[in-house]
Every structure is written in structure tokens, then in C-alpha cells.
Amino acid sequence: MGSNAIGERVSSIAASLVKHGYEILVGRNLLKQVSSDTRQHLGASRCAIITDANVAVLFANRVRKSFLSAGVESTLITIPAGEQSKTLQQAGRICDQMIAAGLDRQSFIVGLGGGMIGDISGFVAAIYHRGIPHVQIPTTLLAMVDSSIGGKTGVDTRAGKNLIGAFHQPALVIDDLDVLKTLPRRQFNQGFAEIIKHAIIADAQMFRILQSWKAGAASALQRLIQRNIQIKSRIVAKDGRDRTGQRALLNFGHTVGHAIERAGDYRKFLHGEAVSLGIVAACAISMKRAGLRPDQRAAIVDVLERFGLPTSLPPKFPRKKIFDALKFDKKFEAGKVHFIVTPRIGVAYVAKDVTLDDIRDAVKEL
Ligand SMILES: NC(=O)c1ccc[n+]([C@@H]2O[C@H](COP(=O)([O-])OP(=O)(O)OC[C@H]3O[C@@H](n4cnc5c(N)ncnc54)[C@H](O)[C@@H]3O)[C@@H](O)[C@H]2O)c1
Ligand SMILES: [Zn+2]
């Protein structure tokens, strides 16, 4: 833990929990001093800043200036905003631009943006010269509490999301709360779907905090972000490469959530909104298969609604498309359904007795 004059700044103990030795800074007004933090960790003098068109106009100058003042030369690479940019072709174009700019093995990559930028910039960092350091500056709540932690990087293909990628842990993560001020409300709220998920699977006390959450206090938000970093880091540390099943707990609400996202052609619902619906479905299944009490399910629905997240599908939404999309889920390996359930808030496990019919029934009720 540390603090400085610029603002309360905490190097999260999450870093040591992930056992990869990287630091996660959470605080305010951190963009200005990006270069000193980065220098301290990397000592390199050249980098590529990869960002999207929305984020570039908001923050790229501040970050570049900070690097310039520390003598770090940066090449700004801006790609169009939106999930459509997270492709192998785009990753290739970024690599070409980096080669043209003369960036070599000694350079590093800064991913400045939401989860889309985090994933593609991390993927480029994993493959460029067989791997160079990746600094993440998440600019969405979702990216701070979820996608910037755990080292999963990648791109989408036409067949599905995140099918191509690599594990590549960041060298440093810088979470500056001030960047969230420009985030549209809907984007901000969807980050809470992952926070509520973390509470349900691992932290009953945090769930109670969320039940009485009042927007506004930056210090409370900072503590909440730190707590979520710790929860995700702890789970990831037990199962770094997603092999032993521990990491699967993070998929709570995601089996149905992913199917809903896909059924809505990735346009109708944001990821967090689809996950919110998926959590409601997972609660129905948990009542049937894991003894979740009805009042706990109701409390979960209440909290989701508190953050403006959907808890039922529009009446005309084509539910059949959700069933069709379910089979694309990676968790339906060899016909067996591994479904994450919660017997009570704060605890989750992988159930092996959930059937496709259970899932269908839960979707019908949504
Ligand atoms: N690697 C992982 O473990 C992991 C985990 C979860 C999600 N993801 C990935 O994360 C992505 C979703 O992340 P996301 O929700 O952050 O999406 P995103 O990166 O597309 O950002 C959402 C939108 O907000 C804009 N934006 C970002 N920061 C802003 C700011 N501060 N002010 C104003 N606008 C801003 C972006 O330009 C974009 O239009 C998906 O690609 C998903 O697959 C990865
Ligand atoms: Zn998610």
C-alpha cells in the first residue's frame, strides 16, 4: 500500500495475489503521472499507445504529454471504437504500424480504453516480437473490475468472440477514477453487473454494501473497485490458465448471458446487461438445483435493478434465438453442461446436474 500527495493511491495487494508481480494502481488523477509509474516498472523509452477513436479525443493527449515529459517517445495508434474492431485483421494493422514506427523488442504497449482495447492491445503485446510488456489503462468500469485483470487477451472471429488469443499478464495496470466521469451511464452501469456477480460468487459483505449503494462518493467507488480487483485476482491466481475449474466461477450468469448477447446480435444488449439477465436465469436454476432461497433471488434482482440493469427480457424478444445460441457456449463440452450455481449469496460452485431443459425453463421465465 502506498499514498502520495496527488491523491490517495493504492497499489493493490491484488498484485501479489496474482503472483505475476505486476502492480495495479487505483486512484485519482493518475493519468498525469503515467510516465513516472511506467518508468519505475519498465525503464523503456519507447511505446505504442493503442486506443479507440472515442477515448483518443478524451485522454490520449494527457497520456502522451506525460510520456513526453519523461522522455518516453510514444506512437499513437487509434482504431475505430466498438467490438467490430477486435479482429485479427485489426491486430495485424496495428503490428504493421508499430513496425513502420520502428518499435522494437525494447518498447512496450499501452492499452488506453475499455475492454475491447485492453483485449486487442494485450494480444498485440503478446505476439509483437514474441511478446513485449503491456501496460493497461482501463477507461471503463467493466475494464477496471474485470477485463484488465487475469491476463486474457484476444480477438473475435466470425465464428465467435475471443476465439483467438493468448495469456499475457500486464506489466502494470493504472485505474484512474477520473476517466469514468465521461463514461455514458449505460456503460457505467454495465460494469456493475460484473461487480454484482463477484459479490454473489465470493463476497456476501460486498453484496450488502451494494444493497445500500449511493452514487457519488469517489472514495467508496475506489474501495469497491479495489475489492473487485482482489476478488477476481484471487480466483484467477488459483487457475491462471483456466484449466482447473476455479476460474469457471467467474462465468456465473455468463452461459445464458452470452447466449442473450449473441441472440441480440451484440447490439440489443451490452455485455453487462446480458449478464444481468443471465444472472437472473442462473438464480432460477440455483433455486432448483442448489437450494437458493427465493428471498435471496429477490434480493439479487433488486440489486441488479438498483443499477439500472435489465432483469426480464422484452416480451417480443426471440427466445428461440437464445436456445440456438446456447450451443456455441464453450462450456457445453462433450454434451455435458457445467453450470455455475449459487446455493447462497457469497458462494458458488460448478454443478454437473444442470440440464439443458433447466436452462430452457429459466430462459422462458425471463
Ligand atoms: N480479457 C478479459 O478477461 C475480458 C473480460 C470481460 C470482458 N472482456 C472484453 O471487454 C470488452 C468489453 O469491454 P467494454 O465494455 O469496456 O467495451 P469497450 O472497450 O468497447 O468500451 C465501451 C464504449 O465506451 C467508450 N469509452 C471507453 N472509455 C470511455 C470513457 N472513459 N469515456 C467515454 N467513453 C468511453 C468506448 O469508446 C466504447 O464505445 C469485450 O470485448 C469483452 O470481450 C474481456
Ligand atoms: Zn463478463
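The values are calculated or read from the model by the stated rules, or taken from the named source; none is laboratory data. Quick caveat, the model's predicted, so the values are computed rather than measured. Every residue, glycine as well, gets a Cβ built from its backbone with ideal geometry; the counts of neighbours run over all protein chains shown. These area figures cover heavy atoms from the full protein model, side chains too; ligands, DNA and RNA do not enter into them. Shrake-Rupley method; radii C 1.70, N 1.55, O 1.52, S 1.80 Å.
Let's see how each residue does on (1) in contact with a helix residue (DSSP H, G or I) (Cβ under 6 Å, 6 or more places away or on another chain); (2) within 25 Å of His134 (Cα to Cα); (3) touching a residue at least 60 places away in the same chain (Cβ under 8 Å); (4) part of a helix (DSSP H, G or I):
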residue: Phe192; (1), (2), (3), (4): no, no, yes, yes
residue: Leu210; (1), (2), (3), (4): yes, no, yes, yes
residue: Ser233; (1), (2), (3), (4): yes, yes, yes, yes
residue: Arg243; (1), (2), (3), (4): no, yes, no, no
Of the residues in the stretch 304-326 that are open to solvent by less than 20 Å² (accessible area, probe 1.4 Å) and assigned to a helix (DSSP H, G or I), the one that is nearest to Gln211 (Cα to Cα) is Leu304
Return the residue satisfying two criteria in turn: it lies in the stretch 184-200 and is within 15 Å of the chain's Cα centre (by Cα) and open to solvent by 10 Å² or more (accessible area, probe 1.4 Å), and of such residues it is farthest from ligand 1 (Cβ to nearest atom).
-> Asn189
For the subset of the stretch 235-251 comprising residues that are within 15 Å of ligand 1 (Cβ to nearest atom) and of a type in the set (D, E, K, R), which member is modelled with the highest pLDDT?
-> Arg247
Would you point out which residue out of Ser69, Ser35, Ser45 is touching a residue at least 12 places away in the same chain (Cβ under 8 Å), of a type in the set (S, T, N, Q) and crowded, with 20+ Cβ neighbours inside 10 Å?
-> Ser35
Does the stretch 201-209 include one or more residues that are near ligand 1 (Cβ under 9 Å from one of its atoms) and small (Gly, Ala, Ser)?
-> no
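One line per residue, one yes/no per condition, for (1) at positive phi; (2) near ligand 1 (Cβ under 9 Å from one of its atoms):
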| position | (1), (2) |
| --- | --- |
| Gly115 | no, yes |
| Gly118 | no, yes |
| Ala143 | no, yes |
| Ser148 | no, yes |
| Gly154 | yes, yes |
| Ala159 | no, no |
| Ala171 | no, no |
Cβ-Cβ below 7 Å, separation at least six or inter-chain, first residue in the stretch 144-170 and touching a residue at least 60 places away in the same chain (Cβ under 8 Å), second acidic (Asp, Glu) and away from ligand 2 (no atom under 15 Å from the Cβ): which pairs?
-> Met144/Asp175
Checked the stretch 252-293 for anything within 13 Å of ligand 1 (Cβ to nearest atom) and in a helix (DSSP H, G or I); matches are His254, Gly257, His258, Glu261, Arg262, His271, Gly272, Glu273, Ala274, Val275
Considering residues that are in a strand (DSSP E or B) and either open to solvent by 20 Å² or more (accessible area, probe 1.4 Å) or more than 12 Å from ligand 1 (Cβ to nearest atom) (or both), the number found within the stretch 125-135 is 1
Criterion (within 14 Å of Thr51 (Cβ to Cβ) and surrounded by 21 or more Cβ atoms within 10 Å (Cβ to Cβ)) met by exactly one of Gly113, Gly82 = Gly113
Assuming Gly122 fulfils every condition listed in (1) open to solvent by less than 20 Å² (accessible area, probe 1.4 Å); (2) in contact (Cβ under 8 Å) with a residue 60 or more places away in the chain; (3) at negative phi; (4) not in a strand (DSSP E or B) apart from one, which condition is it?
-> (2)
In the stretch 48-95, residue modelled with the lowest pLDDT [restricted to those that are more than 21 Å from the chain's Cα centre (by Cα) and β-branched (Val, Ile, Thr)] | Val72
Per the filter on the stretch 338-366, residues of a type outside the set (Gly, Ala, Ser), part of a loop (DSSP other than H, G, I, E, B) and buried (at least 16 other Cβ atoms within 10 Å of the Cβ) are His338, Ile345, Val354, Leu366
Of (1) within 16 Å of ligand 1 (Cβ to nearest atom); (2) on the phi < 0 side of the Ramachandran plot; (3) open to solvent by 10 Å² or more (accessible area, probe 1.4 Å); (4) touching a helix residue (DSSP H, G or I) at 6+ places or on another chain (Cβ under 7 Å), Asn228 fails just (3)
